[in-house]
1. Taking the criterion of being surrounded by 15 or more Cβ atoms within 10 Å (Cβ to Cβ) and assigned to a helix (DSSP H, G or I), would at least one residue in segment 22-29 satisfy it?
2. Regarding residue 36, is this residue more than 16 Å from residue 2 (Cα to Cα) and touching a residue at least 24 places away in the same chain (Cβ under 8 Å)?
3. Would you say residue 43 is at pLDDT below 95 and either assigned to a helix (DSSP H, G or I) or out of contact with any helix residue (DSSP H, G or I) (no Cβ under 9 Å at 6 or more places or on another chain) (or both)?
4. Out of the residues in segment 61-96 that are part of a helix (DSSP H, G or I), at pLDDT below 95 and touching a helix residue (DSSP H, G or I) at 6+ places or on another chain (Cβ under 6 Å), which is nearest to residue 5 (Cα to Cα)?
5. Residues in segment 10-20: is at least one out of contact with any helix residue (DSSP H, G or I) (no Cβ under 7 Å at 6 or more places or on another chain), surrounded by fewer than 17 Cβ atoms within 10 Å (Cβ to Cβ) and not in a helix (DSSP H, G or I)?
6. Residue 58 fails exactly one of the following numbered conditions: (1) closer than 13 Å to residue 83 by Cα; (2) not in a helix (DSSP H, G or I). What is the number of that condition?
7. Given 7, 70, which one is touching a residue at least 12 places away in the same chain (Cβ under 8 Å) and surrounded by fewer than 17 Cβ atoms within 10 Å (Cβ to Cβ)?
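The values are calculated or read from the model by the stated rules, or taken from the named source; none is laboratory data. A quick note: this is a predicted structure, and the numbers were derived from the prediction, not measured. Counting neighbours? That spans all protein chains shown, and the Cβs are built from the backbone with ideal geometry, glycine included.
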């Protein structure tokens, strides 16, 4: 049950971040920090079959947090796009 709750929360926070970026706003640091924490937790809960993908996603989330802290809009947009691609790939490859 913890996995499903974490996944749901992670997706909800990511959707919020994507909306902020689509509106040409830098996501707020608190939201991105929560997202990075949830991504780390998802990595800890990951099944062996998709552990590497979860680790990559967690790393990208950490990079996103750094970009937001530096107010680097260009890097933030690129990282959100990379996270979206990684999420799509993972969902296509490993259905829960």
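1. No: segment 22-29 contains no residue that is surrounded by 15 or more Cβ atoms within 10 Å (Cβ to Cβ) and assigned to a helix (DSSP H, G or I).
2. Criteria met by residue 36.
3. Yes.
4. If we take residues in segment 61-96 being part of a helix (DSSP H, G or I), at pLDDT below 95 and touching a helix residue (DSSP H, G or I) at 6+ places or on another chain (Cβ under 6 Å), then 90 is nearest to residue 5 (Cα to Cα).
5. no
6. (2)
7. Details: 70 fails: touching a residue at least 12 places away in the same chain (Cβ under 8 Å).
Residue meeting the stated conditions: 7.
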